[in-house]
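Novice: What follows is a structure written as structure tokens; I'll ask about it next.
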Amino acid sequence: MKRRAFHRAVFLLAAVYNILWGLLAAVDPQWLFRFADMPPLDQPALFACLGMVIGVYGLLYAEVARRPEHGFALAAVGLLGKVLGPIGLAGLILRGEWPPATLVLCLTNDFIWWVPFSLYLWDAWPGYRRTFAPGQHEG
């Protein structure tokens with residue numbers, strides 16, 4: 001795989017980041033609301049649950065780092081979440097429901113990963129495509 005060492009490092013970093021972010025959200029689910037000068041959540045368990053989901057993505061990214069030749073689908077789902085999340089947040093901001101300060105979520109959780117995840121998918125695509133070629137099976 002092209003740039004294998006780079007991709008392994010990126011996904012290992014993404015794994016550690018996501019697990020730590022998930023732990024922070026579980027331990028302090030009001031941090032974003034304090035940061036953005038928003039009223040505290042009346043159901044902080046919802047944000048803690050979001051942290052759990054993001055933390056679990058960290059386990060998937062660790063698997064991509066461990067076996068980059070086999071991580072295309074996991075990374076594709078990860079990148080999809082990193083695109084859809086900001087779209088949802090943009091809707092909240094445009095409707096005036098959340099302040100622009102909440103974009104901090106997208107800076108570290110999404111935007112910084114778009115290029116390296118996309119590059120990985122570009123490099124991993126030929127191997128993924130061959131896996132599903134007629135008459136060929138991975139052995």
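Novice: Looking only at region 63-85, count every residue that is surrounded by 19 or more Cβ atoms within 10 Å (Cβ to Cβ) and more than 16 Å from W122 (Cα to Cα) and tell me the total.
Specialist: Residues in region 63-85 being surrounded by 19 or more Cβ atoms within 10 Å (Cβ to Cβ) and more than 16 Å from W122 (Cα to Cα): 1 in total.
Novice: May I pose another question? Kindly provide the set of residues from region 93-106 that are among the β-branched types (V, I, T) and more than 20 Å from the chain's Cα centre (by Cα), ordered by number. First the steps, then the outcome.
Specialist: Quick first cut of region 93-106, residues among the β-branched types (V, I, T) only: 93, 102, 104.
Across region 93-106, the qualifying residue is only I93.
Novice: Here's something else I'd like to know. Please specify each residue of region 110-124 satisfying the condition of being surrounded by fewer than 20 Cβ atoms within 10 Å (Cβ to Cβ) and aromatic (F, W, Y).
Specialist: Within region 110-124, F111, W114, W122 meet the criteria.
Novice: Quick one: in region 2-43, of everything that is free of Cβ contacts under 8 Å to residues at least 24 places away in the same chain and crowded, with 16+ Cβ neighbours inside 10 Å, which residue is nearest to L103 (Cα to Cα)?
Specialist: Ranking the qualifying residues of region 2-43, first place goes to F33.
To keep it simple, each residue is scored yes or no on (1) within 17 Å of L105 (Cα to Cα); (2) among the hydrophobic types (A, V, I, L, M, F, W, C); (3) more than 14 Å from the chain's Cα centre (by Cα).
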position: F6; (1), (2), (3): no, yes, yes
position: Q43; (1), (2), (3): no, no, yes
position: Y57; (1), (2), (3): yes, no, no
position: R67; (1), (2), (3): no, no, yes
position: G91; (1), (2), (3): yes, no, yes
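Any read-out appearing in this document is the output of simple, stated calculations on the displayed coordinates, not a laboratory observation. The structure presented is a predicted model; accordingly, all values stated were derived computationally and were not measured. We place every Cβ from the backbone using ideal geometry, glycine too, and count neighbours over all the protein chains shown.
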